[in-house]
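Novice: I am attaching a structure below and will ask some questions about it afterwards.
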Amino acid sequence: MTDKKRNITPLMKQYLEIKRKHKDAILLFRMGDFYETFFEDANITSKVLNIVLTKRSTEKNKDTAPPLAGFPVKAKDIYISKLVKAGYKVAICEQLENPKLAKGIVKRGVTEIITSGTILDDTLLKEKEYNYLMSIYKDNDTFYIAYIDISIAILNVMKTDKDSLPGEIDRISPVEIIYPDNINFENNIAKPYTSIVFDREFAEKELCEYFKVANLDGFGLKESGYISACGGLLSYLQEIKMETLPRIESINLIDTSDFAILDKKTMDTLDVLPGAETEKPSLLKIIDYTVTTMGSRKLREWLTFPLIDKNRIYERQEAVGELTNDNRILNELTSKLKNISDIERLNSKITNARIHPLQLIAFNNSLKIIKSIVDEIVFETPLLKRLKERLKFDYSIVEIIEKRMNGTDVSEYGGYIKTGFNEELDRLREIAFNGKNWIANYQSEERIRAGIPNLKIKYNNVFGYFIEVSKSHTGKVPEDYIRKQTLVNSERYYTEKLKKFETEVLSAEERAEKLEEELYAELLKELNKYSKSIVQVSKAISEIDCICSLAKYALSTHTAKPKLSDNSCIYVKNGRHPIVEKYTESFVPNDIHIDSDERIMLLTGPNMAGKSTYLREIGLIAILTQIGSFVPADEIEIGIFDRILTRIGASDDLSKGISTFLAEMVETAFILHTATSRSLVLLDEIGRGTSTYDGMSIAWATIEYIHNNANRNPLTVFATHYHELTRLENYLPHLRNYCLSVKEWQDKVIFLRKVVRGKSDRSYGIYVAKLAGIPENVIKRSNEILEMLEEEGKITFRKLESKKETAYQMELFDKRSHIISMIKSIDINSMTPVESLNFLNKLIKEIEDLN
Ligand SMILES: Nc1ncnc2c1ncn2[C@@H]1O[C@H](COP(=O)(O)OP(=O)(O)O)[C@@H](O)[C@H]1O
Ligand SMILES: [Mg+2]
C-alpha cells in the first residue's frame, strides 16, 4: 500500500532492499543483458565510466524517476575494472532465476563483491604481478601482516616492528589493506574493518573451521597476532567473495629475518622494479628471462626479498651455475617451461569452479609437460634436485581429466565432455545431433509432398521450428499445415509432426547441455583433492623458471659468480652497472673496494662525471648477489648485507624548497638510526637540497657521525660534489677519498668514467665556466674568490680539528671523573681483604686504560 502511494515499482522496491545491504558499494543491478546503476551510484558510474546518465523510459512519472546508468553485460570486465581501479567497491547483483520461468519480478541477489584486492577475473589481474590484499594487526609494538592473492591459494603471514612496517608494506605492495577499526593506522589504501573478527578467539575459530582442523598447531602460528591477522583477512574474504572464494590451501609463515630489507626508496632509487612507467629500464627487466607467468611473478618477489642466509644464496648460485654450464639442459627446460600455463591461477579457478573447459585442457597439458620434466631431466645441484622432487605428485589427475575432456579439437557435438564417458549424455547427443539430419530429410519430403520447391524449415528463439512458404505458393500448402504467423512476403506454419519432433530434440539438446555442465562440475570437484599438491608444484616450477632466468642473464653479458664473504666487504674487479651498461655504448668498468677498515667511500667529481651511476651500481651488485644471481664484473668477493639503505639528495629543483629538504633530512635521520654494521648505505648528494654552507655542514657532520658511531658502522658510499669534504680523510681513519677522473683535451672536457683514489680537481668548475665562454675577467675574479674561500676553509678546518681535540679531552675527563666516583663510592670498612685487593686491581686497570 505505502509503496503504491510512494509510487515505487516492485522492481525499485527489490533494488532498494538489496542496496540497503550494500550501502558502501556500487551496486550493479542485472536487468536482462545490462547491469544498471541507480541514484548516487549512477552519478558515480556515469562519471567514472564516461557513460550517459539517463532515466528509465518505462517509468510513469519521468520527473521522479531515479537517474540511471548502465552498461552491457558483455562489456562487464572493462567497466568493472575501471570502477575498481578508481577505488570503488563493486557489488554484482545477478538474476537468480531464468526470467522466462519467473513469476512476477525475477529473483535477484548479490553473488560477488569486487574490490581491488579481491579481483578474480583474468582481464582485471596483471599476469606478471601478484595482486595482494593485506590485513594488519597490531599487538603492543609488533605488527602482524597477513596477505593473499586470492587467485593463488596461499595465505602469507609475517610480523615486523613499527620501523620496518612501511618497508614491508612497500615491498609486498598490496593493492588493498584492511585493519581492525579499533586501532589507528594511516595509509591511503587502508580501510578499517570490524575489529571483532580480529579477536584471537573469533579468528581461531574461523580458521579452524575453514581449514577443518582442531587447532592451528600444524600451521606453526604460535603467536596469537598471526592468528588475528589471518582470521581477520579470512572473515573479510568470506564476506566479500561468498561462494566465489577460491580454496585457500595453506598458510605460509614468513620469517622477515631471513631477508635483507629493501625499502621503497631504495628500490626506486636503484630502479629495481619497473614502477608505473613500464618503459623505464629496471633491474627486473634486465634479468627477467622467465617464460612462465608464474616465474615472472616469482622473480619479482625474489628481487624484493633478497636472501641473507649464505647457504641459501650459495645454493641458488650453484643451481644457476649448473644451467650456465649445460646449455643443453637449459634449452630443453626452456622449451618445456614455455608451454606451461599459469597453473597457479588455474588451480584456484578449479577450486571455485570458474575454470573454462579450454583452460582445463591447457592446465592438463601443462601437467603433462611437468611430468616430462620429472621423467626426462636430470639435475646435479641440490637446489634443482629438491625442486624436481617437489614436482612429483599423483599424476593420475592427468588421466582423470583426459578420460572426460575432449582435447582442444572439440567433438562433433560441439561439447567438451568426451563421447563414451557417460551413456546418457551420448544418447541425448545422438538425438539432438540426428535431429539436424531429420530436419533436412523432412524439408525435402515436404517440398515434394506440397510441390513447393522453395519451402524451408527454419528456427528462431520465439517460435521454435516452423515451415516457411513464400506468398506465391501459399495456395498449395497441405491441409495439415497450421498457420502460425503472417509476414509481408511469406506465411509460417507448423505441423503436429514438426511440433513433436521439436519438443524431443530441443529438450534433448538442453538436457545434454545441462548434463554436460553437471559432469563438468563433478569433475572439478574431484580435482579439488589435488589442489594442495598443485600449489607446491606451481611454486617449484616458478622457482625453476627463475633459476633458468638467472642463468640466461648470466650468459647474456659478461658476469662473475660472487664469492661470498663472512665479513662486511665489497671487492669488485671491473664491475658494471647492470642497467646502464645495456643502454650505453662503451660502458667503463670500475673496481670497488670497501671493507671494515676502509668502510666509507667518499666519492667526488663534477656533475655528470658518473658518481650516481657508480653508487647505484654498488647497490645493484649487492642485490643481485643476494638473490643468487651472477653479477656484471670480472671478479667479485662480497659480504651479505642485512639492509640496503639509500638516500638520493633532493634534485636541483629548488622550487620545491624547504619541504623537500626536510624530507631529505627525515630520511637521512632514519638511515642513521637504522643502519647496522651489516648494512650498506648509499648516500648521494646529501645536503644538496639547501644552501651550500648548510648542505656542506650537514654532509660533513653526517659522515663524521657514521664514522664515529662505534655500534653502527655500515659500509657507506657517499657521493658529493662538495669537494671540500675530501679533507675529512685527514682525520677519519676509515674514510677513503675516491673521485671520477676527468681529462681536458682540445678545449673539451672528457669524462673518463674511471673511479680512482684521491680527490677531484677543484678548479674544474671554473674551467668549465671558461670553456662555456664566460668572460676572462669573470673567470679571473672567480679564481680570486675561490682562493679566499679556500684560505678561510683551511682556518675552519683547523678549528674543526681542534674541536675534535676538545671532544677527545672531554672524553678523557669523563673517564677520570668515573674513576674518582668509583673511589668515592667504596666503603673500606665493609670490605674483606680479598675484595679490597680486587678493587685495587680494577682501579689500576682503569688507570692503565687512560693512557
Ligand atoms: N662507467 C660509465 N661508463 C659509461 N657511461 C657512464 C658511466 N657512468 C656514468 N655514465 C654516464 O654518465 C652520465 C652521468 O652519470 P651520473 O652518474 O648521473 O653522473 P653524476 O652523478 O656524477 O652527475 C650518465 O648519462 C651515464 O649514463
Ligand atoms: Mg649524480
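Novice: So if each residue of separation counts as 0.36 nm, and I subtract the Cα-Cα distance between ASN252 and ILE183, what length gain in nm does that give?
Specialist: Result for the pair: 22.3 nm of gain on full extension.
Novice: If you filter region 386-458 for GluC sites (Glu not before Pro), then keep DSSP loop positions with at most 12 other Cβ within 10 Å, what is left?
Specialist: The qualifying sites are GLU412.
Novice: A further question on this structure: Please work out the FRET efficiency for the pair TYR767 and LYS162, using the Cβ-Cβ distance as r and a Förster radius of 51 Å; give the result to the nearest 0.05.
Specialist: 0.55
Novice: To the nearest 10 degrees, how steep is helix 224-241 against the longest Cα principal axis of the chain, on a 0 to 90 scale?
Specialist: 30
Novice: Now for a separate question. Gain in length, LYS794 to LEU487, computed as 0.36 nm per residue apart minus the alpha-carbon separation, to one decimal in nm?
Specialist: The LYS794-LEU487 span can extend by a further 99.9 nm.
Novice: Shape verdict for region 275-350, please, from the Cα gyration tensor: rounded (a/c under 1.5), prolate (a/b greater than b/c) or oblate.
Specialist: rounded
Novice: Here's a follow-up. Quick one: what Rg and Dmax do you get for region 563-774 from the alpha carbons, in Å?
Specialist: Rg and Dmax of region 563-774, Cα atoms, are 17.0, 53 Å.
Novice: Rounded to the nearest whole Å³, what is the per residue volume of the convex hull around the Cα atoms of region 146-212?
Specialist: Cα convex hull per residue, to the nearest whole number: 110 Å³.
Novice: Karplus couplings for region 112-118 from phi (6.51 cos²θ - 1.76 cosθ + 1.60, θ = phi - 60°), rounded to Hz, Gly and Pro as x?
Specialist: Working through the residues one at a time gives 6, 10, 10, 10, 4, x, 10 Hz.
Novice: Show me the three semi-axes of the equivalent ellipsoid for region 2-114, from the C-alpha gyration tensor (sqrt of 5 times each eigenvalue), largest first, rounded to whole Å.
Specialist: 22, 17, 13
Novice: So, one more: With Rg and the Kirkwood Rh both taken from Cα atoms, where does Rg over Rh land for the chain?
Specialist: Reported Rg/Rh (Cα atoms, Kirkwood Rh): 1.11.
Novice: Relative to 2.2 N^0.38 Å, what does the C-alpha radius of gyration of region 346-439 come to as a ratio? Two decimals please.
Specialist: Cα Rg divided by the expected 2.2 N^0.38 Å: 1.49.
Novice: Roughly how many nanometres apart are two label points built 7 Å out from the Cα toward the Cβ at VAL73 and GLU243?
Specialist: Result: 1.5 nm between the two label points.
Novice: Need the C-alpha centroid separation for region 526-580 versus region 589-613, integer Å.
Specialist: When both Cα centres are located, 28 Å separates them.
Novice: Counting other C-beta atoms within 10 Å, and keeping those with at most 15, which DSSP coil GluC sites (Glu not before Pro) do you find in region 568-618?
Specialist: Sparse-neighbourhood loop GluC sites (Glu not before Pro): GLU585, GLU598.
Novice: How big is the gap, in Å, between the Cα center of region 470-506 and the Cα center of region 137-169?
Specialist: 70
Novice: Where does region 423-525 land on Rg/Rh, using Cα atoms and the Kirkwood Rh?
Specialist: 1.11
Novice: Using only the alpha carbons, work out the radius of gyration and Dmax of region 666-714 in angstrom.
Specialist: 11.0, 33
Novice: Scaled to the compact-protein estimate 2.2 N^0.38 Å, what is the alpha-carbon radius of gyration of region 133-258, rounded to two decimal places?
Specialist: Cα Rg divided by the expected 2.2 N^0.38 Å: 0.96.
Novice: Given labels modelled 7 Å from the Cα in the Cβ direction, how far is it in nm from VAL666 to ASN441?
Specialist: 8.4
Here, each number is a calculation from the coordinates, and none is a lab measurement. It should be emphasised that the depicted structure is a prediction, and the values quoted were computed from it without experimental measurement. Neighbour counts run over all protein chains shown; Cβ positions are idealised from the backbone, glycine included.
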